[in-house]
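A short write-up of the structure that comes next.
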Amino acid sequence: MTGCVCKSFLIQGSSTPPLPPIYFRHSNSGAPPSSALNFTSLGLKASQFHAHGLPWKRFNAHSLLPDNGGWDSGNKNGGGGGGPFESSSWWWHEDGDSSLSGPLFFSSLFLCSAACCFCHLRLACALASSSEDCEAVWEVRGGKWTKLVPDFVQDAFVIAHQVGSGSLSVGNLWLQSKHVCMRLMLPEGYPDSVTSDYLEYSLWRGVQGVASQISGVLATQALLYAVGLGKGAIPTAAAVNWVLKDGIGYLSKIMLSKYGRHFDVNPKGWRLFADLLENAAFGMEMLTPAFPHLFLLIGAAAGAGRSAAALIQAATRSCFYAGFAAQRNFAEVIAKGEAQGMVSKSFGIMLGIALANHIGSSMALGLASFSMVTWIHMFCNLKSYQSIQIRTLNPYRASLVFSEYLLSGQASPVKDVNEEEPLFPAVPFLNSKSANKAHSVGLSSNAKEAAAEIERRLQLGSKLSDLVNNKDDVLALLSLYNEEGYILSEHKGRYCVVLKETSSLQDMLRALFQVNYLYWLEKNAGYEARGTSVDCKPGGWLHLSLEYVRREFNHVKNDAESAGWVTDGLIARPLPNRIRPVYVA
């Protein structure tokens, strides 16, 4: 008999989901429903399950009939025929040879069947009520495990908490509501379909979404008061000013889009900056009632800030969601994130309207409420970004991983590196950490110092003409890096990486690993630059470091992948300079 593999994994076992799962075949082509799986479709018999040491047995009318003649009972009415309801069967004809009359036989059959059904029902209910003692089946869909137990009344497998429950209780209603919310708000297969930091991020984002909508309602109310809504009808000039305000604000999106590559390198810092910019725009709109004659100027500046913030938020959101998609379910993670955002916005709008009704036209109460809500908004944003564990490698994260590898021989965990990475690398005083926070991260202080120093001295996309000034140095560099996609040299205290026209993200990652080894030689072995031509010769630090990269890069890459890092390339914003070496025979 042919069949197809069931879409759900069904595992016979105990209360703990066993691994690995076992596939069961059934005769239907589709997957069995999660709430009721027939014994016959699973290839299992209900009699195989025992309770209280007694096997369950099916009773039917056939068991009441004699075994020695099929359905004709020796009356030669065709025992191999169509069964007891065939027109030629003996019990349809009341002849003198039959020992039982028709009505008496039907009455006996009916009473026996009723008694058997009653016993069957009572036994089935008793077995179903003691589901803890029965063998269970687990249905696996994505990362969700559902316990199924045999229901002998329905002759099927059903969800464990539904056995013997014909009415809706408070507990069942809560479980059903929880299940619906999880299906709507979380990706299918949660928590296995996303990374471990997804839930914490989503919770903090939900609270900040409510706060953001409250601020938006308060700011919109202030704008409407500024254009005269509280004094009567909105004049035509106010409507024109409103349109100009939004139109001028849209220009900021166009101008800011050129910095898109910066968002990839440091998405957390840019996202927090966007939140600050958005709250500053809301604050400017809150001040418009005090300066109604400057409505267009203040509104345009606030609109530009909000548009720029929206652009940065949309760009960085993709970076976060891509990291959450543990099973390549990128689109689903985005869809669930939008659903969570809509729920937060709905609550925020309702709370904002209620708060705005209490505040009215009082500017003092409006500013006080706005300040409190803004603090909540920024705090939740900060906590949500700190919970994210980005697995791609930018210059700082890659340098921290490589430096720790050179010092300890092990790749740094994703969580430790993300906790150490500053949100604003260009503004050091904003990145100060408490002493307890600094000691909680399992990274050496030398590795942290090396990563910060390398990021400061690194220059990707340098011009070759800025590094060398004679033919010998050029030929030495081209010869040394003939098989590489980059050229590395030290110049005026900076690690300058010249990228070839065919350079890839992987080449930039290799170059950064060599930079880390150069820094290690400088700090621990006393090496220093002595001239480009000398450094490229055997024994020179450029030659020595390149040999080390060719020997160890694949090892550190594999170790980093084992630690959870994505090592397909370096996420950076190099300068646009490239070279095309031409080798003349």
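Could you give the length gained by full extension between ASP568 and LEU365, i.e. 0.36 nm per residue of separation minus their alpha carbon distance, to one decimal place? Show your work: numbers first, answer last.
Numbers: separation 203, 0.36 × 203 = 73.08 nm, distance 5.30 nm.
Length difference between fully extended and current span is 67.8 nm.
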Given H placed 1.01 Å from N in the peptide plane, which residues other than close sequence neighbours of ALA326 have an amide H under 5 Å from its amide H? VAL194, THR195
Rough spin-label spacing in nm, given labels placed 7 Å along Cα→Cβ, for HIS543 and MET185: 6.4 nm
Given LYS178/LYS336; LYS258/LYS336; LYS463/LYS492; LYS258/LYS345, the pairs whose alpha carbons are separated by over 23 Å: LYS258/LYS336; LYS258/LYS345
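On average, how much area does the Cα convex hull of region 190-387 cover when viewed from any direction, in nm²?
Dividing the Cα hull surface by four gives the mean projection, 11.3 nm².
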Charge tally for neighbours of TYR527 with beta carbon under 12 Å away, counting Lys, Arg as +1 and Asp, Glu as -1, is -2
Two pseudo-spin positions, 7 Å from Cα along C-beta at MET255 and at LYS492, lie apart in nanometres by 3.0 nm
Per residue accessible area in Å² of region 277-325, where ligands, DNA and RNA are left out and the probe is 1.4 Å: 35 Å²
Under 11 Å, Cβ to Cβ, from SER489 - net charge with Lys/Arg +1 and Asp/Glu -1: -2
Roughly how many percent of the accessible protein surface of region 190-387 is carbon and sulfur, given a 1.4 Å probe and a whole-percent answer? 70 percent
ARG328 and LEU276 label points (each 7 Å along its Cα→Cβ direction) are spaced in nm at 3.9 nm
With a sphere of radius 13 Å drawn around the Cβ of ALA411, what net charge do the other residues whose Cβ falls strictly inside it have (Lys, Arg +1; Asp, Glu -1)? -1
Listed highest first by mean packing, meaning other Cβ atoms within 10 Å per residue, what order do 562-571, 197-206 come in? 197-206, 562-571
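The values are calculated or read from the model by the stated rules, or taken from the named source; none is laboratory data. Please read these numbers as outputs of a predicted model, since none were measured by experiment. We place every Cβ from the backbone using ideal geometry, glycine too, and count neighbours over all the protein chains shown. Side chains included, ligands, DNA and RNA excluded: accessible areas come from the protein's heavy atoms. Shrake-Rupley method; radii C 1.70, N 1.55, O 1.52, S 1.80 Å.
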